[in-house]
Structures are given as structure tokens and as C-alpha cells.
Amino acid sequence: MSLFDKLRRSIRNNRPDLDAEIQSHLQMSATDHASRGADAKSAGEAARREFGNVALVQQTTRDQRPFAAALDDLAQDLRYALRTLRKNPAFTLVAILTLALGIGANTAVFSVIDSVILRPLPFAHADRLVWFNGKFPLSDLADVSPPDFLDYRASNQTFDRLVAMNNDPSPSNLSGDRSQQVLVSIVTGGFFETLGITPTIGRDFTPSDEQFEIPQSAILGHGIWMRAFGSDPSIVGKTIRLDGTSVTVVGVLPADVPLLSEAQIWEPTPMRNPGMQHRRGHFFKMIGLRKPGVTQAQAAADMDSIAERLSHQYPDTNQGWSLRQRPLAEVLIGPVRPAMLLIAGAVGLLLLIACGNVANLLLARSTARRREFAVRGALGASRGRMIRQTLTESIVLALAGGTLGILGAIWLVRLLRAIGPSNLPRLNEIEVDTTVLLFTAGISLLTGLIFGLIPALQSSGRAFTDALKASTRNTASGSQRRVGSVLVVCQVAMSLTLLVGAGLLLKSFWRLTQVNPGFQTTHIVTAALGLNIPAYTEEAKRFRFWQEFETRAVALPGLESIAATSELPLNGEHNDSSFYIEGHTYAPSEFDDANFREVSNGYFATMRIPVLSGRGFTGQDTANSTGVVVINEAFANQYFKNQNPIGKHLRLASATKPDIEIIGVVGNIHHDSLSESRAPEMYVPFGQDPTAQMHIVVRAAANPENLAAALKEIVTGLDKDESLSDFRTLDAIRDASVAQPRFSTQLLGTFAALALILAAVGLYGLMAYSVTQRISEIGIRVALGASRANILSLILKRGSLLALCGIAVGLVASLALSRLLSSLLFAVRPTDPITFSTVSAVLAAVALTASYIPAHRATRVDPNISLRHE
């Protein structure tokens, strides 16, 4: 039966494999003509004469059923692609694994970016929520005082609601069958309603809940409700005891509610408390919900007018003060956005490097298919048809790599959630959801087009006459070799860019870890202690409790020293106080400001903070003695430059003893973070200003964690309603303070290492393929007397040239892009020459090794065998 007869029968039977049979038959016929010695032109003409009516019948049939024909073509292309890839399992496996690496990394990182940055905040009307900071000459990141908040809430015209919360949750004792410490925050009425959070049981706070000196009600977090109260559905209306005071539970929050605090229990702000009446007491964080249609500029003008009125009404406290407004999303997400976008760019480069590898594989493979494409072209196949078939194979590879990449991404997301820093916003929300899967599908298709288009254009664009005239050996064309070289140069350049970024972050992180915090962290364990306010309202009682606790604790075996502080270094706690220097003149509402700490007598010795001049605190510094203060070196340099501060007097805005004398100067410490400059600090003795909330610091000879149980027993022995909580070593606190830069460095370093491996594999593959293509040439050179050193130099020269070109391009790109890292670097310049030179040397060495292996193989070519094949 002739092919034309088969064609007509296939049309009648509506066979979907018609095109495959036609192409196979035509290719076999043309190849047969060529093998019998006919030139390419006559072979093509003979095929056309024999099957002249085939194309006409095909086209007529497709015109009659265009949509069905398109589906048939797609199905045929898919079947052919799968069959072709199945015949080359090694190539298929390598390509899929390479793509899975790039796509999986991008999927995992996108899931982080989608959850942390792109996804709207899980609050109602998140786009209208605004965060406020107080602005005054010393800072534009201050908090707001309670009286100012009340004025802003009552007078503004542009916000539906204004609410506030205290700056940090404080530990409190929850009494019960077993007392425990919990974190408590105070908030104003309507706080949860403003965020769009509805209690699952009970109600939100109202302004009427604020009208007390001591909170009378509480809202439980979902976790503490389950653990401490057994998920009691009738808990609303019952009383619980916090710090010895009975409060009524009015609500329970839903599970996994996204809040702005780590608090477990919430209380209303006691606006009638004397501590809430001071306009100098700036400790409220304020949030507003703009009215619909109100712009940020209109809201800012409204609040500025109120601030201006307050500055005239209260010149001693409010002159020069105003408010700074920022979207709530910027406050919560802004600090981590640069690092996340940097990592996203890194995995994007990693995917491009993977695409370059697979594109080079396809270019090499297309050489073996030259005759196939040539025969198709000779028989009338259009270039577009051949490009479509080749792209189909690429997209099939990309989708397979994407599918495998999703599995890897799921594992990687779990790992990121496990090792991610606790201060990464919305860490627990990171997951591979529908949005991420759609992203993976899209990036897989795009990847298939990226790495498949260049080989498709190269393969389909060759003259079929040259291909049919070629010898049985498949040799790469000059353009194919040039394209492959360009791809390798780009891979090396992108790898260098990634390595430079990782190197800068690594050096920055190393220098951060080498910072001397100003105190010793080894062999110290810390714990939180919050005394019940009603039972310990009097400062004398607080001081006696601490004295008795200290006396019993120092008797513990292995304990070297013990002390207490109101704020723990590197723990995210901040407290400052305004003051006036005796003899200085201040304008209305003007003052000086410094960090403020209340510490016990042994604090400096326990923390190994050196006393530089004067003295530290002793047992003589009590409530009955003259008020004293110890300042740090930064305080002395800023406010008493070229003077001896010892004996000078300060007047504190709020303290038990407002007039205090400077008795000593101690060394600077890094309190807020290791990367921040050392700020002015002042310390007052616990004996003169005992706080109810404190951190215990215990130095032991070894394994201070072993003292935790004994310390707890001492506290409960002194008062069964008190307890210690949050036991941590100071080393762990220091490690946690650098968790964010460590996380960024680890991720970028990992991706840079993978990029280096992929670039080395790409260069190795290109050089190995080049050696294979030049076997005959190498054999002839050896036969004519070329030494192994000559052959080795010949191959290495090309590999080295490609690597050097890639390094040169990468250095230019790195110099341009490294400046984007400046905000993430500590004590390292974005153009650090040591990092650039070291990374370039490492990449050059890896590239030379990748080129040496195929070059060494070339030196072992037997000229007799290579010439016999030729």
C-alpha cells in the first residue's frame, strides 16, 4: 500500500498519529536516498516527487478541522517528546534534577516571600492601619504618652479608631494550683476590634474598662486558655488572679491570631492610675484605622494640627513633639524585606544558571539530531513546526523538574520554618499553598521556554543541505559552539555575583560575632521574676525580697555570683529616661535622654562590666542614703567631654530620688544589638529604686542551667505565689540576637555554593563535549608529534579563557549589585577587595579543575583509533 493510500485511509479513520507516520516515512525515504550516494538536493526532490500530494491532503484536512488538528498536533508533539526523552534516560535524568534544584529553591523562597511580604496582613482593612511614633528633637522613633494618646483619640477627625498598647509585655504571676509566670500586655478599648480580631468567647475591651487605677478585667490568649484553664467554655465571667489581684475574664482570643506582642494575657489600660498621668512618660505604641477615603497626607495634617495645639497648651512637655505615621505593614515587614528580596534574587540567578546548564545539554544533544532536523526541513517542515516540537520537549523537561522541585520545596519549607529566626514575621504561616503551586507552574513553563528556545533556534535554523552532506560523525557548528561558550560565560559571571554576595555577608556575620559586647556571656543563666504588685507595692518589700533571695542563692554550690537588672542586654528590651544636668540651661520641653537601668549591687561584677573610674554600687546605697547613679563611658563622652563626671549631679524626670550624684563610670556595652553603636546609659542602684519586674543573672563555675531548679525552689520558698520563668543562658540570648543575619548568610551561602557547583558542571560539560567533538583533530595532532603537554595546554586554554571572561563580567556585575547589600553589612564595605579577590580566585580554581579533567582525558587519545573512526 502506498503512503498516499495510507494517508487517505487514515483521514477516513481520523487517526491521531497520522503526522508521526508521515514524518517517519518521509525521513526514512530521504535518508535512504542519501545513503545511496545521492546529494542532498536530489534526495529532497525525490522525496517531494514521491509524496507530492501528501502536504496538500494534510493541509486540506487541517483546514476542515482546525481545532481538532491543533489538539492532534499537541498530542503528537507530547508523545514524540516523551518517546525521545525516554530513549535518552541519562540526559533526561540530569536535566530534570538540575531543573528541580533551581525550581525547588525558587518555589521554597517564593513561599517565604509570599507569606511574609506579598500576602496582605491578616488584619481587617490592613491597608488603612497606621503605626504612630512620636517625633522630637532627640528621636523620631519615640513612643507616645498616655495623656497625649487620649487627646489624639478625642480630637482627630481622620481616624475611625485610635488604640494603643504598652511597649513590651511584662511577666506576671498567674495564681492557681501551680503558679506560673505569663506575659501580660495592656491595651486600650477597642484594640482587637481595630485589628479586625473578634474573640471566640466573650467581648473586646471598651473605654469603660480603662476607668480604673488597677485593671479589673482580662482577655486570655488561646494558648493559655487551653493550657491553664483546660479550654473551659464557661471561663468568661470567672475571676483569675494576676500578680495577686483578682480580674474578671471577659473574652478569649481565637487560635493563631496574628498579634503585635508575645503576650499571653491582655488587660485594659488603667487610665486613672497615677503612672498614666505623666506626659513625659512615653510608653504607648499607637495604631490608627484611617477613615475610608482619607489619604495619608490628610491624616498627617490632622494629627500635626493636634500636636501643634498640644505644644502650645503644654509647652514644658510637648514643645517640638509631633507624630510620624507609617503603614503598619512597613513597620512589621519592612525590616526583613531587603534580606528576603536579596535571597529571592539569589535563587533567581541560581535558576538561570540551571537553565544555562540544561540549554548546553540540549545544544550538545541537538548535534546528534542534525540529520533528523535536516530531513524534516528537506521534506517541507517549517521552522516554526520544528521549534514547536523542540520547545515541547523542553517544557516537558521543565514540568517534570517543577514537579520534583515541589517535593524538594516542601521539605525545604519545613527546614526553613525549623531554622528560621523567631523574629521573622509570620514564620509559622509559611507553606506551599495554591498560590505557590501556581507560581511553580508558571516558572516551570517560563524555564522551559528560556533554556529551550536557544537550542530550538539553533537546531531549526541550519541549512538542511549542509546537514545531509555532513559525514556520519555529528559535529557541532561554529554558531553552536559560540552559543555554548556564551552560556558558560554567563553561568560563571552569575556564580561569581552570588559568591561575592555570600562572601560579603559571611565576612559581615563573622565580624558581627567577633564584636565584644562589653560583658562576658559564658557561664551565665538568666531568669525572669515579676513580683505581685499588690503584695509588693511598697518598694521596701521588694528590696527585702531581693535581699533574702540573694542571701539564699549565694549559698548554692557552684554559684559564683548573682545579680538582677531591670533590662537584659541583647534581649530586645529598651528603657530610657529623660534627665537634666545640673548647671545646664534648658528651653521649655527640652531635656537630655539616655538608656536607664535599675541593677543590684553585684551586677557589674557578675556581668564582668569593668568600672573605669569612681566606684560601683555597694550595700550602703539604700533608700536612706544619697541618690547615686553610675554612667557608662559613652554617657561621659557625650555629656561631659573633657570633664571629670564624678561628683556631677543629674535630675531625673521620674525616679524615687530625682536628684542623683554620679559616683562611677563603667565600660560601654552593646545593649540593643551587636551591630548598634554603644549608646549612653545610666544605672541606678536597686536599693534606691527597686523594680517589681527584674531579670536574675547567675554566674556559675560550670553548667549554670543546673541551678534552675534550686533557684525556683528558693523563690517559691519565699512566696508560694511567686515563680521564676524563661530560663536561658546569656550565650543563647547572644546567639538569638544575631539569628536574622545568620539566617540570611546561611541561605545565600547555600545558594551560592550550589551555583558554583552548577557553573563547574556546566564548564566541565562544555569542555568534555568539545573534546569529544575534536577527537579527530587531537588524533591528527598526536600523530604529527604533539606532546601531551601541548594537548593539555590546547584544551585548558579554551576553558581558562571562558572562565576568565565570566569572572571579568561577574566582577563588573558584582561591583554594581553589591551596593544593594550595604544595609545588610556590618563593618564591611560593599566593594571589599579581599572578598572580591578571594571569590575570584576560588572560582578560577574550580573552573580550572573542571577544565582539567576533560583536558587530561584528551591527552590519552589513541591517534590510531581516532583516525580509524574518521
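General remarks:
- Carbon + sulfur, % of accessible area of the chain - ligands and nucleic acids excluded, 1.4 Å: 57
- Extension gain for Arg337 to Arg79 (0.36 nm times residue separation, less C-alpha to C-alpha distance): 88.4 nm.
- Listed peptides 780-790, 569-579 appear in the order 569-579, 780-790 once ranked by packing, highest mean of other Cβ atoms within 10 Å at the front.
- Taking every alpha-carbon pair under 8 Å whose residues sit at least 6 apart, region 214-335 reaches a relative contact order of 22 percent.
- What you get for the chain, charging only the Cβ of Lys and Arg (+1) and of Asp and Glu (-1), is a dipole of about 5940 debye around the Cα centre.
- Accessible surface calculations at 1.4 Å, restricted to protein heavy atoms, place the chain at 44 Å² per residue.
- Where a label projected 7 Å from the Cα of Asp316 along Cα→Cβ would reach, residues of region 241-285 with amide N under 17 Å: 275-282
- Estimated from helices alone, the mean residue ellipticity of the chain at 222 nm is -17000 deg cm²/dmol (sum of -39500 (n - 2.57) over DSSP H runs with n ≥ 4, per residue).
- Debye log10 I(q)/I(0) for the chain, one point scatterer per Cα, at q = 0.07, 0.08 Å⁻¹: -0.74, -0.87
- For region 584-671: rounded, prolate or oblate by the Cα gyration tensor [a/c cutoff 1.5]: oblate
- Label-to-label distance for Leu784 and Lys291 is 9.0 nm, based on points extended 7 Å past Cα in the beta-carbon direction.
- Full-extension gain in nm, Thr849 to Asp304, via 0.36 nm per residue minus C-alpha separation: 189.6 nm
- Modelled label reach - Glu262, point 7 Å along Cα→Cβ, region 736-771 residues with backbone N closer than 20 Å: 736-744
- Estimated inter-spin distance, Arg860 and Thr831, nm [label 7 Å along Cα→Cβ]: 4.8
- Of the GluC sites (Glu not before Pro) found in region 518-548, those in coil by DSSP whose Cβ has at most 12 other Cβ atoms within 10 Å are Glu538.
- Computed from Cα atoms, the angle from the helix 18-35 axis to the main principal axis of the chain rounds to 50 degrees.
- Net length available on complete extension from Asn273 to Leu449 is 56.6 nm, with 0.36 nm assigned per residue and the Cα-Cα distance removed.
- Projected label distance in nm at Thr198 and Val515, using a 7 Å step from Cα toward the beta-carbon: 4.6
The values are calculated or read from the model by the stated rules, or taken from the named source; none is laboratory data. Note that the structure is predicted; figures quoted are calculated from it, not measured. Glycine also receives a Cβ, built like all others from the backbone with ideal geometry; neighbour counts cover every protein chain displayed. These accessible areas exclude ligands, DNA and RNA; they are computed on the full protein's heavy atoms, side chains included. Shrake-Rupley method; radii C 1.70, N 1.55, O 1.52, S 1.80 Å.
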